[in-house]
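Some notes on the structure that comes next.
The values are calculated or read from the model by the stated rules, or taken from the named source; none is laboratory data. All of these numbers come straight from a predicted model, not from anything done at the bench. Glycine also receives a Cβ, built like all others from the backbone with ideal geometry; neighbour counts cover every protein chain displayed.
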Amino acid sequence: MAKIEYISKANVVGHREVFEGHYETRFEEQYIAKNAAPGNFVAIRHERGALLPRPFSIADVNNDCFSVIYKVIGQGTLALANYREGDTISIKGPIGEGLFSFDDCYNPLLVGGGVGIAALNLLARRLVENGKETKMLIGAIDKSLLPAPYLEQWSDMGIDVAFSTDDGSSGYEGRVTELMDESLRDNASDKVFVAGPKPMIREAVRISMEHGVSGQAAMEAMMACGMGTCQGCVIKIKTDDQGDWEYKRVCKEGPVFDIDKLVFD
């Protein structure tokens, strides 16, 4: 397991808008790139935005570089979106002990939406590298919010990709979880990996359990310290089959949890 290490400065080496309001920023930092595993995230702290560091899933790694994907929704992400090649920024990582595990599957199904694609992208790459017959389903409200560059990339990697839009402007008309339900009825997927908005995860978990398919989900939570100290990012996790549960920290025991252990209020 990679240790947590504070990085004084990482260099910005790339920046682009990947779909409407969503950006990818690429950093050069050897330690994080070499130690990142699917499910890990980084905490980014910069002088131009919020005081506290903000968590971002590690979306990809390439040699000594890694990237994050995010939606501009506030002061911190707006500041990050304004960084350009040659700028430097403080980053901590890789963070998270709960990671995606895929040694026990052969035909994984990935389901995502929004910035959830960041958590799934590195996983998809590792699945393909390990010879897994991978299928990916991506959902968006409309065509403008589909991650077109990634849809093409995944297809070029040999992944079976399908997508949906709520308004039917591109792909299947409806929710991505509807596509998921159809896929599990017709497909021999043996494990599900989910990342995206909480309502989507909740429904994906219900469908997976209904079909008797195990899986994991990358969970999100508001974080302050990112070290497990402040207890601000806890979620409920089942401890037995009788309904008992306890709090687990998304930044420490997570961010990835088995879907049959999740408790949704």
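Table for the structure above
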{"read-out": "Filter result for F100 (surrounded by 22 or more Cβ atoms within 10 Å (Cβ to Cβ) and part of a loop (DSSP other than H, G, I, E, B))", "value": "yes"}
{"read-out": "Check on R16, without any contact (Cβ under 8 Å) to a residue 12 or more places away in the chain and within 20 Å of the chain's Cα centre (by Cα)", "value": "yes"}
{"read-out": "Verdict on Y70 being over 25 Å from S164 (Cβ atoms) and crowded, with 18+ Cβ neighbours inside 10 Å", "value": "no"}
{"read-out": "Hits in region 184-219 (condition: touching a Lys or Arg at 6+ places or on another chain (Cβ under 7 Å) and not in a loop (DSSP other than H, G, I, E, B))", "value": "G215"}
{"read-out": "S67 being of a type in the set (S, T, N, Q) and either within 15 Å of E24 (Cα to Cα) or at pLDDT below 90 (or both)", "value": "yes"}
{"read-out": "Options I91, I138; residue that is touching a helix residue (DSSP H, G or I) at 6+ places or on another chain (Cβ under 8 Å) and modelled with pLDDT under 95", "value": "I91"}
{"read-out": "Count of residues meeting criterion [surrounded by fewer than 17 Cβ atoms within 10 Å (Cβ to Cβ) and not in a helix (DSSP H, G or I)] in region 134-161", "value": "5"}
{"read-out": "Answer residue from region 220-251, given it is assigned to a strand (DSSP E or B) and not aliphatic (A, V, I, L, M) and is surrounded by the fewest Cβ atoms within 10 Å (Cβ to Cβ) among those", "value": "E246"}
{"read-out": "Odd one out for D241 among (1) at pLDDT 95 or above; (2) among the acidic types (D, E); (3) farther than 22 Å from G114 by Cβ", "value": "(1)"}
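Residue-by-condition table, conditions (1) in contact (Cβ under 8 Å) with a residue 24 or more places away in the chain; (2) of a type in the set (D, E); (3) in contact with a Pro (Cβ under 9 Å, 6 or more places away or on another chain):
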| position | (1), (2), (3) |
| --- | --- |
| Y172 | no, no, no |
| E182 | no, yes, no |
| R185 | yes, no, no |
| R202 | yes, no, no |
| R206 | no, no, no |
| V213 | yes, no, no |
| M227 | yes, no, no |
